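Please read the structure below before turning to the comments.
The values are calculated or read from the model by the stated rules, or taken from the named source; none is laboratory data. Remember, predicted model here, so these are calculated numbers, not experimental data. Here the Cβ positions follow ideal geometry from the backbone for every residue, glycine too, while neighbour counts run over all protein chains shown. Remember, those area values only see protein heavy atoms, side chains included, never the ligands or the DNA or RNA. Shrake-Rupley method; radii C 1.70, N 1.55, O 1.52, S 1.80 Å.
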Amino acid sequence: MDLKEETRKLISLQELDSELYALIQEKDKQKPALIQKLKQESEQEKASLKSFQDKLKETQLKKKQKELDLSSKEEAVRKAQSQLYQLKTNKEYKAKLGEIESLKADVSALEEEVLLVLDEIEAAEKKLAQAKEKVEQKDKELAEKEEKIKGEIKDLQVKIDQLNDKRSLAAKEIDAKSLSIYERLIDTCDGQAIAKVVNGSCNACNMKVTAQKVNEIKMYKDFVFCDMCTRILYLEDDFSL
Ligand SMILES: [Zn+2]
């Protein structure tokens, strides 16, 4: 087996695999993450819509309570007024008048409060309507973008299939043992099994490569591996065109 020739084939295979790796990452990670992010944004809008719905409900209950308070105060005024003419003494009469005045003051205060709550309800309804519109917009946007991204994922798969065919052909040309070493590294080294030595360092992890190792590489007797990242090392000069 000509190890230098095998190395050359592995370098070519690595070019295909790097391209393949990037496409697969894009298809399996980046694109789905985009969809995930859009879904999260849509969920956030829905949660905010829910909080506006709750707020409106709470304000409507407040209004109901104020109206109940108001009508019971009005009832108390009527009751006190009807008692007025049954009173015997001037002192009792005056006291009742005072009571009626105080009840009437409560009534006007409550009327004010009801008006304020009505303003609150109006504001809450406005915010709710805006939130609803936003949710609808986000949902529409999500559906459109999701469809677009799914189309892109399909296109990526087509490219991946084509590249895989090309790769299978290239891999067939490589000695089985070399290929199995290479493929094991591809799996453990983030899609890159072979790295060139640049300025005395591994180009993948920047670990220094000793002069002795460089000599070993030049002999092409066995594959030489990076001490740090374990990738197969090669010298670019040996393969320059
Ligand atoms: Zn390395």
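A few notes on this one:
- Charged neighbours of Ala33, selected by a Cβ distance under 12 Å, balance to +3 (K, R count +1; D, E count -1).
- Bridge type composition, the chain - antiparallel percent by DSSP, nearest 5: 50 percent
- 3J(HN,Hα) couplings calculated from phi for the stretch 140-150 with the Karplus curve 6.51 cos²θ - 1.76 cosθ + 1.60 (θ = phi - 60°) are, in sequence order, 5, 4, 4, 4, 5, 5, 4, 4, 4, 5, 4 Hz; Gly and Pro show x.
- Top positive-direction residue, dipole computed over the stretch 87-151 with Cβ charges, set Ala124, Leu97, Gly151: Leu97
- The 3J(HN,Hα) values that the Karplus relation (6.51, -1.76, 1.60; θ = phi - 60°) gives for the stretch 45-59 are, in residue order, 4, 5, 5, 5, 4, 4, 5, 5, 5, 4, 4, 5, 4, 4, 5 Hz. Gly and Pro appear as x.
- Additional length obtainable on full extension of the chain from Leu61 to Leu118, 0.36 nm per residue less Cα span: 19.4 nm
- Using the Cβ-Cβ distance between Met219 and Lys172 with R0 set to 22 Å, the FRET efficiency from 1/(1 + (r/R0)^6) comes to roughly 0.25.
- FRET efficiency for Lys4 and Gln162, using Cβ-Cβ distance with R0 set to 35 Å, rounded to 0.05: 0.75
- For Leu61, Leu16, the ranking by accessible surface with the largest value first comes to Leu61, Leu16, using a 1.4 Å probe.
- Accessible-area composition of the stretch 105-152, carbon plus sulfur, in percent [1.4 Å probe]: 53 percent
- Efficiency of FRET between Asn199 and Ser51 - r from beta-carbon atoms, R0 51 angstrom, step 0.05: 0.30
- Exposure ranking of Thr230, Thr7 by accessible area [1.4 Å probe, largest first]: Thr230, Thr7
- Average accessible area per residue (Å²) across the chain - probe 1.4 Å, nucleic acids and ligands excluded: 67 Å²
- Spin-label model, Glu19/Asp187: points 7 Å from Cα along the beta carbon direction are separated by 2.5 nm.
- Label zone at Gln44, where the point sits 7 Å out along the Cα-to-Cβ direction: the stretch 102-132 residues whose backbone N lies under 18 Å: 131-132
- Where Cα atoms sit under 23 Å apart: lysine pairs in the stretch 44-101 separated by 8 or more or lying on different chains: 21
- Residues whose placed amide H lies under 5 Å from that of Met207, excluding near-sequence neighbours: Cys202
- Note, ³J(HN,Hα) from phi for the stretch 232-238, Karplus 6.51, -1.76, 1.60, rounded to Hz, x at Gly and Pro: 5, 9, 9, 9, 4, 4, 5
- Multiplying the residue separation of Gln212 and Ser82 by 0.36 nm and subtracting their alpha-carbon distance yields 35.4 nm.
- Net charge of the neighbourhood of Ser168, taken over other residues with C-beta under 14 Å away and scored Lys/Arg +1, Asp/Glu -1, is -1.
- Residues whose amide H lies under 5 Å from that of Ala195, counting only those 5 or more places away or on a different chain, are Ile232, Leu233, Tyr234; hydrogens are built 1.01 Å from N in the peptide plane.
- Modelled this way, with points 7 Å down the Cα-to-C-beta line, the labels at Lys31 and Glu133 are 3.5 nm from one another.
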